[in-house]
1. In nanometres, what is the gap between the two model label sites at Leu200 and Val89, each 7 Å from Cα along Cα-to-Cβ?
2. For q values of 0.14, 0.17, 0.30, 0.33 Å⁻¹, compute log₁₀ I(q)/I(0) with the Debye formula on a Cα-only model of the range 85-127, without solvent.
3. Multiplying the sequence separation of Lys117 and Thr11 by 0.36 nm and subtracting their Cα-Cα distance, what value in nm do you get?
4. Evaluate E = 1/(1 + (r/R0)^6) for Lys189 and Ala154, where r is the Cβ-Cβ distance and R0 equals 30 Å; express this FRET efficiency to the nearest 0.05.
5. Would you mind computing, in nm to one decimal, how far apart the modelled labels at Tyr80 and Ala139 are, each placed 7 Å from Cα along Cα→Cβ?
6. If r is the Cβ-Cβ distance from Tyr110 to Ala212 and R0 is 35 Å, what FRET efficiency results, to the nearest 0.05?
Amino acid sequence: MRDVTPRNIGTVLDDALALYRANYKQLLFVSAIAVFPAALAAGLAQDFYMRGFTEFAGSSAASSGAAPSDALFATMAMSYVVMAAAAQVLMIGRAYLDSSVLRAAPGMLYRPAESGKSVLKGGLSRFGWYLLVYYVVNAIVGAAAFASFFVLGAAGIAAWVAFSLAGVICVVEEANLIVAMKRSMALVKGNVWRMIGYLLLVGALTAAFEGALASPVIIRQIVASLQNPDAIFQPLSIGWKVAEGLTLGLAIALPAPFTPLALFSMYLDLRSRNEGMDIIVRARELTPAA
């Protein structure tokens with residue numbers, strides 16, 4: 001796939017999905033190593049914690065007035081600690097996944113990635129810079145959103161959009177923090193509403209993928225609630241809790257490579273619109289090798 005001409009949003013997304021399909025074995029390998037373990041831990045901890053909370057609520061509301069056991073309190077506390085720790089590890093794992101995918105993405109335009117191991121290893125060279133960009137950009141977006149709270153976080157939205165491609169630029173162009181942020185602002189300038197719509201669409205698609213993968217858990221809970229309105233407050237077996245946690249972990253890990261690919265696809269589109277990259281690429285292809 002060498003089409004780097006300006007495209008509509010639907011085509012930009014289709015190109016990202018095409019890259020995923022053409023390299024799904026390699027991408028899922030990276031996700032299995034970098035994201036799934038932490039996603040599984042977070043999913044299990046969340047399920048045990050939420051289940052413990054509902055069992056606690058059910059015990060408190062029971063007419064017998066029996067106090068929840070100490071074991072239930074201990075399970076809830078431990079699950080919360082594990083869930084919080086796993087969330088931090090998951091964030092770092094996703095950052096490494098993004099770095100690996102973005103490092104390999106330019107080569108994927110021409111041929112599938114050689115192997116999952118090569119993609120995983122390739123992310124190491126820019127991971128430190130990517131993580132720095134990730135933390136700084138999120139801190140700026142959060143501070144801007146807080147400062148503009150009374151105007152619906154307008155400054156936060158503006159910062160989110162302006163720096164949305166900084167991570168891509170940091171890896172693909174090997175730029176430092178300042179250069180990546182400036183380049184992102186320059187590319188997005190003049191395409192703000194297009195970028196807002198695209199980011200919301202990518203977020204909605206990712207949420208839909210995750211929801212579809214987690215649907216067995218949701219359906220089981222709905223069916224159980226219809227059969228017995230008090231089922232959600234009743235204890236659940238360890239086996240079911242593990243199965244639900246595993247499903248939630250998979251729901252996070254499987255769609256994870258799509259987001260960096262979608263941002264990379266938009267990065268190509270904006271470079272073609274603003275810098276005529278499609279003409280440069282075509283000229284290089286037509287120029288005989290020295």
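1. The two pseudo-label positions are separated by 3.7 nm.
2. Each listed q corresponds, in turn, to -0.33, -0.46, -0.98, -1.08.
3. Length gained, Lys117 through Thr11: 35.2 nm.
4. Computed FRET efficiency for Lys189 and Ala154 comes out at 0.95.
5. Label-label distance for Tyr80 and Ala139, simple model: 2.8 nm.
6. With R0 = 35 Å, the Cβ-Cβ based efficiency is 0.65.
Here, each number is a calculation from the coordinates, and none is a lab measurement. Worth saying up front: this structure is predicted, and the values here are computed from it rather than measured. Neighbour counts run over all protein chains shown; Cβ positions are idealised from the backbone, glycine included.
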